[in-house]
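Colleague: Below are the structure tokens for one structure; questions will follow.
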Amino acid sequence: MGIKPVLEGDVQLIKSRDVLRLTGLTADQLREWTVRRGLIRPDFPAQKRGSEAKFSWQTVLLLRLAMVLRAQFHVELQAHRELLAAARELLGGQSFPALWGFTLAVYDFQRCQLVGPRMMVPPDDDAILLRLDRHLDALSRGFDLADPTTQFPLFPVVGLQTRQEEPSRRYSSKGASS
């Protein structure tokens, strides 16, 4: 039942059958979106009949977001192929832990933006907001990542020592020894 990611270079990938579990797509839908219509291409297409395509976490995340757009907002994905490509490009330059707390804002189905926790959607623009955390949580379990929200220490913790003043060394406000 567990998903076993494979490594291609430094990239962790999962196979089509595992993408089905992580996205809720049927095999026919996945084939339709990734092969026939080419809406969201696999990172490594199937090489021959009977082999499986391989997908990175960014591509699986985009498939999950496309599912939300289609199921909850009734978006016709075929008509917004460029939007999906723009979203894939945005996700491609991000690290997995850095995306926690972010939202994908989709404006007028022509453009999208990653909005961080301290950023605001421009007040003059209407947008569909796709929160990433629940999708990242599902992917972290699916790709068998250690807790991706934990920040690794930047440097080792070093105990600080405070110098204790000796009573005879204390000075008064006039600078004379007490």
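Read-outs throughout are calculated quantities, based only on the coordinates presented, and are distinct from any laboratory measurement. Fair warning: this is a prediction, and the values are worked out from it, not measured in the lab. Virtual Cβ from ideal backbone geometry, glycine too; neighbours counted across all protein chains shown.
Colleague: May I ask for the net charge around Leu99, where only other residues with Cβ less than 13 Å from the Cβ of Leu99 are counted and Lys, Arg are +1 while Asp, Glu are -1?
Modeller: +1
Colleague: Here's something else I'd like to know. For region 1-88, which trypsin sites (Lys or Arg not before Pro) pass both filters: DSSP loop (anything but H, G, I, E, B) and at most 16 other C-beta atoms within 10 Å?
Modeller: Arg37, Lys48, Arg49
Colleague: Could you work out the relative contact order of region 1-94? I mean the mean sequence separation of Cα pairs under 8 Å and 6+ apart, divided by the number of residues, in percent.
Modeller: Working: 96 pairs, mean separation 22.5, N = 94.
In percent, rounded to a whole number, it is 24.
Colleague: I'd like the Karplus ³J(HN,Hα) series for region 54-70: coefficients 6.51, -1.76, 1.60, θ = phi - 60°, whole numbers in Hz, and an x wherever there's a Gly or Pro.
Modeller: Those phi angles translate into 10, 10, 7, 5, 5, 5, 5, 4, 5, 4, 5, 5, 5, 4, 5, 4, 6 Hz.
Colleague: Let me know the shape class of region 1-53, please: from the alpha-carbon gyration tensor, a ≥ b ≥ c as square roots of the eigenvalues, rounded when a/c is under 1.5, otherwise prolate if a/b is greater than b/c, or oblate.
Modeller: oblate
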